[in-house]
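The values are calculated or read from the model by the stated rules, or taken from the named source; none is laboratory data. Keep in mind it's a predicted model, so treat the numbers as computed, not measured. Here Cβ is always computed from backbone atoms with ideal geometry, including for glycine, and neighbour counts include all displayed protein chains. Side chains included, ligands, DNA and RNA excluded: accessible areas come from the protein's heavy atoms. Shrake-Rupley method; radii C 1.70, N 1.55, O 1.52, S 1.80 Å.
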Amino acid sequence: MTANIISQTHTDFSYLETLNPAQRAAVETLDGPVLVLAGAGTGKTRVLTTRLGHLLMTRRAQPWEILAVTFTNKAAAEMKRRVADMLQQPVEGWWLGTFHSLAARMLRQHAEIAGLKSSFTILNEDDQIRLLKQLMEAENIDVKKWPPRLLINLIQKWKDKGLTPDGVGLDAAVEHIADGRLLLLYRAYQERLKILNACDFGDLLLHVLTIFRDPAHADVLARYQERFKYILVDEYQDTNTGQYLWLRLLAQKHKNICCVGDDDQSIYGWRGADIGNILKFEKDFPGAKIVRLEQNYRSTQHILSAANGVIANNQSRLGKELWSAGDPGDKIVIRGVWDGMQEAAAAAEMIEDLQRKGIKLSEMAVLVRAQHQTRAFEERFIKEAIPHKVLAGQRFYERQEIRDAIAYLRLIAQPDDDLAFERIINVPKRGLGPSTVAKIHTLARSRQTSLHNALGMMLETDELTGKTKDRLKTFMENFERWRLLLREMSHVELAQIVLDESGYTAMWMADKSPEAAGRLENLKEFVSALDEFDSLDMFLEHVSLVMDSDDNAGDEQVTIMTYHAAKGLEYDAVILPGWEEGLFPNQRAMDENGIAGLEEERRLAYVGLTRAKKRAVIFFAANRMIYGSWQSALPSRFIDELPKDHVEVVTETGLYNGGAPRQQSFIPGGRPARLAEIAGPAPSIESERGFGPGDKVFHEKFGPGTVVTTDGNKLDIRFDKAGRKKVIDSFVKKA
């Protein structure tokens with residue numbers, strides 16, 4: 001396709017008059033480095049496309065002299081469409097697209113420098129894993145102990161940092177992985193890719209970056225630096241190190257780089273995004289102009305002020321204050337409930353009330369921090385006949401690990417359930433080959449019986465031998481024993497025994513893939529779910545009804561999703577459950593990343609609040625069933641950070657004492673230093689309800705205990721049977 005030339009300078013700049021002063025400054029500041037801090041709902045896309053169009057309308061550059069980088073193909077297509085509408089003509093010859101698409105375009109022009117042909121293939125994830133597995137087997141590295149998917153992810157992290165095998169050096173974080181041979185595998189993997197004339201997505205940018213940094217090919221970088229007079233970058237806060245280095249090299253000649261992003265919405269650190277890239281923009285480009293887009297066109301002022309108040313507690317930010325010229329709207333509601341079930345019930349009631357007030361279901365969303373939180377809402381919404389969908393994830397009972405666990409329980413309840421038998425006969429692996437399974441099927445068909453009965457018959461013959469027979473005999477004996485145990489113990493206890501004794505839990509504990517931890521959390525939530533039913537049969541019937549529920553609501557559905565999946569979306573009403581210490585902010589994130597982890601959690605809270613246009617409701621539970629046991633919870637520190645003038649507390653007496661003193665010092669891992677958990681017995685003050693250290697108390701769920709320390713209305717109690725827990729004083733009475 002031939003690139004078209006914007007042939008004349010336009011004099012009609014009426015489109016600038018529709019912009020507010022800050023937006024207009026971002027569009028008209030064309031020369032030199034510019035950082036546009038675009039707060040949530042401040043018209044970021046409008047600024048980007050208008051600036052791009054303005055460069056062309058003023059003939060400061062032709063399309064092929066502008067490099068415009070987005071994070072999605074959808075965003076790139078939308079920018080092309082809007083600019084074409086501005087110019088009233090299609091634009092060709094663009095260098096506009098995602099990092100990967102633009103890097104691939106460059107690499108095909110210089111493939112031979114990278115040891116490739118221009119016709120190179122780009123491998124998908126399955127191809128990458130299969131290739132690495134072959135290399136591991138050749139090196140006698142155990143693929144069960146070190147899953148190829150895990151190693152590919154680690155190699156990808158190196159590539160995201162712009163590191164070739166020669167540039168990795170000593171990396172203490174991975175020196176024990178793959179028997180200390182991960183770097184060797186990385187080198188062999190890259191060499192094999194060249195032989196295959198292939199690269200993966202990480203290579204696209206890495207190869208180009210390597211060419212740009214090679215003094216022997218300085219002319220290649222110089223040509224691109226000369227070509228691109230202007231560079232525009234969207235979502236700059238989400239760039240990784242490799243992308244940052246690539247952009248910085250390309251901008252060195254003209255220095256006309258405009259990066260648009262929001263440091264307060266940097267929530268993808270877990271996948272390589274480096275918030276430091278946007279924070280050090282002024283250092284990288286001295287004399288840069290910072291333009292803050294703070295006028296919000298989405299949310300009410302109460303919502304914006306609440307979000308401002310929370311995010312102001314972060315130290316790693318450049319700072320801005322969102323505001324709205326519209327109606328202040330309703331205050332954010334903080335609602336405390338007794339437990340997670342009451343939380344889901346209250347949310348369902350609230351949704352029905354909003355629907356009666358004219359708000360569509362499609363304009364409501366429930367945002368959760370962890371995937372396992374979705375179960376309670378899915379089940380409650382089904383019970384109340386509220387149409388809903390789970391965005392960017394499967395429904396709870398449709399997830400692989402949950403289906404497997406259910407299959408085990410189904411086979412206990414009904415031995416003739418062939419579908420359940422087929423699903424778990426070799427899960428975890430029991431060394432069964434296709435021929436063994438085929439023999440069981442053949443016998444079952446010939447005798448017109450179930451697979452379970454057919455296997456029982458085969459075990460009485462010499463049809464099966466060796467380890468295969470031993471393993472299948474153990475399999476059958478386990479199920480016989482579990483059926484007997486069901487008569488003597490609760491189905492909840494049995495479920496945990498089955499998952500442990502079958503090896504299913506151990507299978508996921510040994511799995512090193514990024515998804516494994518989440519699957520284990522879901523299995524624990526699954527065991528918790530069983531406790532809500534009087535028997536195994538009642539639970540299995542419930543699951544059948546849940547999984548059989550039709551999705552006939554069309555677009556009119558409440559959306560359930562994580563905070564990460566919600567970025568970029570907006571709803572009239574947003575429900576934010578689970579604002580409790582340990583759940584949100586997430587304890588694992590703080591343990592692994594300390595203060596940086598806490599600040600990213602706080603940015604998630606900011607993202608969640610700013611998805612709401614008119615109403616936002618925050619829930620916290622005083623008690624939560626987590627992984628099969630009741631745990632007492634404290635309200636999230638983020639609740640205390642909400643400005644009191646912009647929130648309304650609707651809760652039972654004693655559940656929340658806003659503004660109560662709480663220590664905010666940190667220990668390694670980022671957890672708040674609280675009571676004796678950190679420093680041993682600390683000086684205590686008597687609680688507001690008269691409890692003090694040494695008092696004997698009784699809790700409805702945890703039983704009798706003794707107060708260790710107090711902190712306002714929060715008690716640290718050592719219970720006789722439940723162990724040490726923190727509770728609100730209104731939920732205990734003196735014994």
Of all residues making up the range 542-557, the number that are at pLDDT below 75 and either farther than 13 Å from E379 by Cα or among the aliphatic types (A, V, I, L, M) (or both): 9
Which numbered condition R423 fails, given (1) more than 30 Å from L530 (Cα to Cα); (2) among the basic types (K, R); (3) in contact with a helix residue (DSSP H, G or I) (Cβ under 7 Å, 6 or more places away or on another chain): (1)
Selected residue (criterion: surrounded by the fewest Cβ atoms within 10 Å (Cβ to Cβ)) from residues of the range 501-520 that are over 13 Å from A405 (Cα atoms) and of a type outside the set (A, V, I, L, M): P514
Within the range 39-67, considering residues that are part of a loop (DSSP other than H, G, I, E, B), farther than 21 Å from R298 by Cβ and touching a residue at least 60 places away in the same chain (Cβ under 8 Å), the one least open to solvent (accessible area, probe 1.4 Å): A61
Qualifying residue in the range 497-508 (condition: in contact with a strand residue (DSSP E or B) (Cβ under 6 Å, 6 or more places away or on another chain), part of a helix (DSSP H, G or I) and either under 24 Å from K360 (Cα atoms) or of a type in the set (S, T, N, Q) (or both)): no
Residues within the range 68-85 that are more than 30 Å from the chain's Cα centre (by Cα) and either surrounded by 18 or more Cβ atoms within 10 Å (Cβ to Cβ) or modelled with pLDDT of 90 or more (or both), tallied: 1
Positions within the range 86-105 being touching a Phe, Trp or Tyr at 6+ places or on another chain (Cβ under 7 Å), open to solvent by less than 40 Å² (accessible area, probe 1.4 Å) and in a helix (DSSP H, G or I), in sequence order: L102
Top-ranked residue of the range 581-613 - restricted to ones that are farther than 16 Å from S266 by Cα and basic (K, R), ranked as modelled with the highest pLDDT: K613
Pick from the range 357-373, criterion part of a loop (DSSP other than H, G, I, E, B) and under 24 Å from the mean Cα position of the chain (by Cα), ranking: surrounded by the most Cβ atoms within 10 Å (Cβ to Cβ): R369
Any helices (runs of 4 or more DSSP H) falling wholly within the range 240-345 and containing at least 1 residues that are of a type in the set (S, T, Y): 241-250, 301-311
Selection count where residues are closer than 21 Å to H100 by Cα, part of a helix (DSSP H, G or I) and either open to solvent by less than 10 Å² (accessible area, probe 1.4 Å) or among the aliphatic types (A, V, I, L, M) (or both), scope the range 177-206: 8
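So that you can scan it fast, the table gives a plain yes or no per residue for (1) at pLDDT 85 or above; (2) more than 25 Å from E600 (Cα to Cα); (3) among the polar types (S, T, N, Q); (4) open to solvent by 50 Å² or more (accessible area, probe 1.4 Å):
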residue	(1), (2), (3), (4)
F620	yes, no, no, no
R624	no, no, no, no
E641	yes, no, no, no
K644	yes, no, no, yes
L655	no, yes, no, no
E677	no, no, no, yes
A682	no, yes, no, no
Condition broken by G578, with the remaining ones in (1) more than 13 Å from I267 (Cβ to Cβ); (2) open to solvent by 10 Å² or more (accessible area, probe 1.4 Å); (3) among the small types (G, A, S); (4) under 16 Å from the mean Cα position of the chain (by Cα) satisfied: (2)
So L485, is it in a loop (DSSP other than H, G, I, E, B), open to solvent by less than 50 Å² (accessible area, probe 1.4 Å) and out of contact with any Phe, Trp or Tyr (no Cβ under 7 Å at 6 or more places or on another chain): no
Cross-chain or 6+ apart pairs with Cβ under 7 Å, the range 12-32 first and closer than 14 Å to M57 by Cα and touching a residue at least 24 places away in the same chain (Cβ under 8 Å), then among the hydroxyl-bearing types (S, T, Y) and open to solvent by less than 80 Å² (accessible area, probe 1.4 Å): Y15/T50; V27/T50
Hits in the range 284-307 (condition: open to solvent by 10 Å² or more (accessible area, probe 1.4 Å) and within 25 Å of L598 (Cα to Cα)): R292, E294, H302, S305
Residue within the range 267-283 that is among the charged types (D, E, K, R), buried (at least 24 other Cβ atoms within 10 Å of the Cβ) and either modelled with pLDDT of 95 or more or more than 22 Å from V208 (Cα to Cα) (or both) present: no
Residue within the range 459-479 that is without any contact (Cβ under 8 Å) to a residue 40 or more places away in the chain, among the hydrophobic types (A, V, I, L, M, F, W, C), more than 30 Å from L151 (Cβ to Cβ) and assigned to a helix (DSSP H, G or I) present: yes
Positions within the range 717-735 being surrounded by fewer than 22 Cβ atoms within 10 Å (Cβ to Cβ), in a strand (DSSP E or B) and under 37 Å from the mean Cα position of the chain (by Cα), in sequence order: R718, F719, G723, R724, K725, K726
Subset of the range 468-527 (residues that are at positive phi and β-branched (V, I, T)): none
Close pairs (9 angstrom Cβ cut-off, 6 or more residues apart or separate chains): within 18 Å of L583 (Cβ to Cβ) in the range 510-535, hydroxyl-bearing (S, T, Y) and at pLDDT 85 or above anywhere: L520/T505; L523/Y504; L523/T505
Yes/no for V498 being open to solvent by 20 Å² or more (accessible area, probe 1.4 Å) and among the hydrophobic types (A, V, I, L, M, F, W, C): no
All positions within the range 142-170 that are over 26 Å from the mean Cα position of the chain (by Cα) and surrounded by 12 or more Cβ atoms within 10 Å (Cβ to Cβ): V143, T164, P165, G167, V168
Considering residues of the range 399-454 that are more than 20 Å from L520 (Cα to Cα), touching a residue at least 40 places away in the same chain (Cβ under 8 Å) and not in a helix (DSSP H, G or I) only, the residue most open to solvent (accessible area, probe 1.4 Å): G431
